[in-house]
Amino acid sequence: MKDEKETKEKEKEVEETTITILRLGHRTSRDKRVSTHLGLVARAFGADAILYCGEKDEKLVSSIKKVADSWGGNFSAEYCENPLKTIKEFKKNKGKTVHLTMYGEAHSSAVKKINKKNNLLIIVGGQKVPIEIYKESDYNISIGIQPHSEISALAIFLHDYFKGKELKRKFEGSKIVISPNPRGKAIKTVKKRTQSLKRKTNNC
Ligand code: SAM
């Protein structure tokens, strides 16, 4: 009974905090697909927002917003000019920062140390990540010790952080709803977007 109460309280804490992804060094021509997929994974796996740094790319931001509009929820995408300034401001506002890098500490133990009462900024790179990012991050976390991708690293981190519950989350106000079906597509379209539940907005 006590355990059940504690679990429910912890779940409530997670619901009340926000998770923002900070994507470093976007290059309009080379990273178009990877950066779009990062936004889609962030949204589908329970994050609230993505901030893109590097080259300004209006098309990227609008394509993520389009998906969020059709598929529901309150996910947002924005451009971020100065990642270091954003990281410092985020920490000043009592948020915690996690940098995903193959050089960091093992995620299996690191994820347990993160206090779920804090808003989280998850930083992922593309090209070489400047040393200041390692120094400013509260946690440098590695998903295995082989190089792979910012998309897979983000998905695995969020899946562990939410303990798999993010995949059952409902996206309020969706215009399209899928019912799992072993033999084809079962899609329901809703003409009018219903009022979506407002989550707290992030502070950057
Ligand atoms: N040298 C990079 C590094 O520090 O992990 C690998 C570059 S990889 C092309 C781009 C991004 O993918 C990295 O900045 C990091 O965010 C993520 N990444 C790749 N492999 C990872 C791993 N094993 N663990 C965590 N993140 C990883």
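The values are calculated or read from the model by the stated rules, or taken from the named source; none is laboratory data. Values in this document were obtained by computation on a predicted structure and should not be read as measured data. Note: ideal-geometry Cβ built from the backbone for every residue, glycine included; neighbour counts use all protein chains shown.
So the values come out like this:
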{"item": "Candidate set from the stretch 7-46 (those that are at pLDDT 65 or above and among the acidic types (Asp, Glu)); member that is nearest to ASP57 (Cα to Cα)", "result": "ASP31"}
{"item": "Test: VAL67 is within 18 Å of PHE171 (Cα to Cα) and at pLDDT 95 or above", "result": "yes"}
{"item": "Residue in the stretch 105-118 that is over 16 Å from PHE162 (Cβ atoms) and surrounded by 16 or more Cβ atoms within 10 Å (Cβ to Cβ) present", "result": "no"}
{"item": "Residues that are part of a helix (DSSP H, G or I) and either under 18 Å from LYS94 (Cα atoms) or more than 9 Å from the ligand (Cβ to nearest atom) (or both), drawn from the stretch 104-118", "result": "SER108, SER109, ALA110, VAL111, LYS112, LYS113"}
{"item": "Pairs, first small (Gly, Ala, Ser) in the stretch 7-26, second modelled with pLDDT of 95 or more and not in a loop (DSSP other than H, G, I, E, B), C-beta under 9 Å, six or more apart", "result": "GLY25/CYS53; GLY25/GLY54; GLY25/PRO83"}
{"item": "Extreme residue, surrounded by the most Cβ atoms within 10 Å (Cβ to Cβ), among residues of the stretch 21-57 that are closer than 21 Å to ILE87 by Cβ and basic (Lys, Arg)", "result": "ARG23"}
{"item": "Residue count for the stretch 41-60, restricted to those that are within 20 Å of GLN127 (Cα to Cα) and either among the aromatic types (Phe, Trp, Tyr) or over 8 Å from the mean Cα position of the chain (by Cα) (or both)", "result": "8"}
{"item": "Residues that are of a type outside the set (Asp, Glu), touching a helix residue (DSSP H, G or I) at 6+ places or on another chain (Cβ under 8 Å) and in a helix (DSSP H, G or I), drawn from the stretch 124-160", "result": "ILE133, ILE151, LEU154, ALA155, ILE156, PHE157, LEU158, HIS159"}
{"item": "Failed item in (1) within 12 Å of the ligand (Cβ to nearest atom); (2) surrounded by 20 or more Cβ atoms within 10 Å (Cβ to Cβ); (3) farther than 21 Å from ASN74 by Cα, with PRO147 passing the rest", "result": "(2)"}
{"item": "Inter-residue pairs, beta-carbon under 9 Å, first closer than 12 Å to SER70 by Cα and in the stretch 174-194, second at pLDDT below 90 and exposed (fewer than 10 other Cβ atoms within 10 Å of the Cβ), 6+ apart", "result": "LYS175/THR189; LYS175/LYS191; LYS175/LYS192; ILE176/THR189; VAL177/THR189"}
{"item": "Lone unmet requirement of (1) at pLDDT below 95; (2) closer than 26 Å to LYS32 by Cβ for SER149", "result": "(1)"}
{"item": "Residue satisfying condition, being within 12 Å of the ligand (Cβ to nearest atom), surrounded by 20 or more Cβ atoms within 10 Å (Cβ to Cβ) and in a strand (DSSP E or B), within set LEU121, LEU100", "result": "LEU100"}
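Matching residues to (1) basic (Lys, Arg); (2) modelled with pLDDT under 95; (3) in contact with an Asp or Glu (Cβ under 6 Å, 6 or more places away or on another chain):
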| site | (1), (2), (3) |
| --- | --- |
| LEU51 | no, no, yes |
| GLY54 | no, no, no |
| CYS80 | no, no, no |
| LYS85 | yes, no, no |
